[in-house]
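J.: Please read through the structure below; I'll follow up with questions.
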Amino acid sequence: MLALFAACSAQRPVRAPPRAPAEVRAQLAQLIPASVSDRQGWAADIQSAFQLLDIPPSTENLCAALAVTEQESTYRADPVVPGLGRIARAEIGRRAAQKKVPRFVVSAALKLKSADGRSFGERLERVRTERELSGLYEEMIAKLPLGRRLLGASNPVRTGGPMQVSIDFAQRHAREHGYPYAGGDSIRHEVFTRRGGLYFGIAHLLGYPTSYDRHIHRFADFNAGWYASRNAAFQAAVTEASGVALALDGDIVLEGGRVGATEAAVRSLAPQLDMSHEAIHRQLLAGDRLEFERTELYRRVFALAEQRAGRALPRAVIPRITLQSPKITRELTTEWFATRVQTRYQRCMNRAFASRT
């Protein structure tokens, strides 16, 4: 009985005792670079987000959130994007070309006066932050027939705030879990505030369970999507087992029931896996959850791949994705992003260690 009790105790995850909010805020204020203005305010909003999301405010988790914030905005709630007006004007031109709208029609529409008395074109040229651009797009969609034709019912600004979190993610998270702060007129607008951007950014970074043993894979997932690092490792295992070279992008199943490259490669292994195509597809659909790692498909693919490789294979790899955005003017990848954040994370951890000695 004693042996059984000891075994059960060893398997039960040990959660650190709760830390006092004041202690967490004090540590955050110490870890945030001295050059940042209003460190106490940043510390309060970050501590609040961890508490409201029920995420343990360990030093590792705090440094992870700080590293992403520093990388994405250098601690600015609504960071300035260099050349944003030019980028926005080019995006409207691109959409006009797609819709076969003549340039002179676009030029005439942008000469119309907006709510503040300036023309839409003047405001577009002078826009500096994504919050400004998002608000301008909302006005164009509401007041310009051409704006609705070019932009549709959706605002083209997809990310925002100090952690550059996806607005779609924030809206979905709020629908499923609610939003704890009062006074915001919309989730989109809240993303551009410090409290809202940090709340949803930390939820996206740390608010899902993983079996990762390094934060760098969470940093990659922050850029590429939840479980992208785990799924890229699965794709690498499928490549090893099947001989089919796959893009390690973390997308293991396509929407709409279509069979993509990863699923086709797994189906080619169906006899060795002793699984039907239907069972393969059904279990691949769990690829957006932790439970995927407990499926027969996951276990059998790795067993087959490791048998053929003659060695253990990693369960997480950084996805190989080239980043695409009108804001990006040079070739960047998910690996570049994750590595940069990891460097900032390590500096933060070094500061934390130094403060204890």
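Throughout, read-outs are computed from the coordinates displayed, never taken from laboratory work. Predicted model only: the values in this text are computed from it and were never measured. Here the Cβ is made from the backbone with ideal geometry for all residues, glycine too, and neighbour counts use every protein chain on show.
J.: When the chain is modelled as a GNM with alpha-carbon springs shorter than 10 Å, which of Leu84, Leu144, Leu205 fluctuates the most?
T.: Leu144
J.: Here's something else I'd like to know. Quickly rank 260-270, 282-292, 232-242 as a protection proxy: mean count of other C-beta atoms within 10 Å, highest first.
T.: Values: 260-270: 18.5, 282-292: 16.9, 232-242: 23.3.
The peptides rank, most packed first, as 232-242, 260-270, 282-292.
J.: To check my understanding: the extent here is largest minus smallest coordinate of the Cα atoms along each principal axis. What are those three numbers for the range 267-355, in Å, largest first?
T.: 53, 38, 26
J.: Check cross-link reach from Lys99 to the aspartates and glutamates: straight Cα distance under 16 Å, and skip same-chain residues fewer than eight apart.
T.: In chain and number order, the partners are Glu91.
J.: On to the next question. Using 7 Å Cα-to-Cβ label points, what is the Asp274/Leu332 separation (nm, one decimal)?
T.: Going from the Asp274 label point to the Leu332 one covers 4.8 nm.
J.: Could you work out the relative contact order of the range 233-279? I mean the mean sequence separation of Cα pairs under 8 Å and 6+ apart, divided by the number of residues, in percent.
T.: Values: 36 pairs, mean separation 14.9, N = 47.
Rounded, it is 32 percent for the range 233-279.
J.: Can you order the peptides 190-202, 214-226, 67-79 by their average number of other Cβ atoms within 10 Å per residue, highest first?
T.: Values: 190-202: 25.6, 214-226: 23.1, 67-79: 20.8.
Those peptides, ordered most packed to least, come out 190-202, 214-226, 67-79.
J.: Here is a follow-up. Once fully extended, how much extra length lies between Ala108 and Arg128, figured as 0.36 nm per residue of separation less the alpha-carbon to alpha-carbon distance?
T.: Working: separation 20, 0.36 × 20 = 7.20 nm, distance 2.29 nm.
Additional length available on full extension: 4.9 nm.
J.: So, R0 is 35 Å and r is the distance between the beta-carbons of Ala354 and Leu323; what FRET efficiency does that work out to, to 0.05?
T.: Working: r = 33 Å, r/R0 = 0.95.
Step by step, r from the Cβ atoms, then E = 0.55.
J.: With charges set only on the Cβ (+1 for Lys and Arg, -1 for Asp and Glu), what does the dipole of the chain come to about its Cα centre, in debye to the nearest 20?
T.: Values: 50 positive and 36 negative charges, 205 e Å.
The calculated dipole for the chain is roughly 980 debye.
J.: FRET efficiency for Asp168 and Val244, Cβ-Cβ distance as r, R0 = 35 Å, nearest 0.05?
T.: Details: r = 32 Å, r/R0 = 0.90.
Calculated value: 0.65.
J.: Let me know the volume per residue of the alpha-carbon convex hull for the chain, in Å³. Walk me through the intermediate numbers first.
T.: On the way: hull volume 69.7 nm³, N = 357.
About 195 Å³ per residue, rounded to a whole number.
J.: Grab the beta carbon distance between Leu313 and Glu23, set R0 = 35 Å, and tell me the FRET efficiency rounded to 0.05. Don't skip to the answer; put the middle values down first.
T.: Working: r = 41 Å, r/R0 = 1.16.
E between Leu313 and Glu23, to the nearest 0.05, is 0.30.
J.: Taking the Cα centre as origin and putting +1 on Lys and Arg beta-carbons and -1 on Asp and Glu beta-carbons, what dipole magnitude results for the range 217-309, to the nearest 20 debye? Walk me through the intermediate numbers first.
T.: Numbers: 10 positive and 13 negative charges, 23 e Å.
Its charge dipole is roughly 120 debye.
J.: Pick from Gln47, Gln98, Gln272 the residue whose mean-square fluctuation is largest in a GNM of the chain, springs joining Cα atoms under 10 Å.
T.: Maximum fluctuation in the GNM of the chain, among the listed residues, is at Gln98.
J.: Between the range 25-81 and the range 258-282, how far is it from one alpha carbon centroid to the other, in angstrom?
T.: Their Cα centres are 43 Å away from one another.
J.: Using a 7 Å offset from Cα along Cα-Cβ at Ser37, what residues in the range 74-107 end up with backbone N under 19 Å from the label point?
T.: Residues 74-82 fall inside that zone.
J.: Also, quick follow-up: Got a sec? Charge dipole of the chain, +1 on Cβ for Lys and Arg, -1 for Asp and Glu; which of Tyr212, Pro271, Leu150 is way out at the positive end?
T.: So the residue furthest toward the plus end is Leu150.
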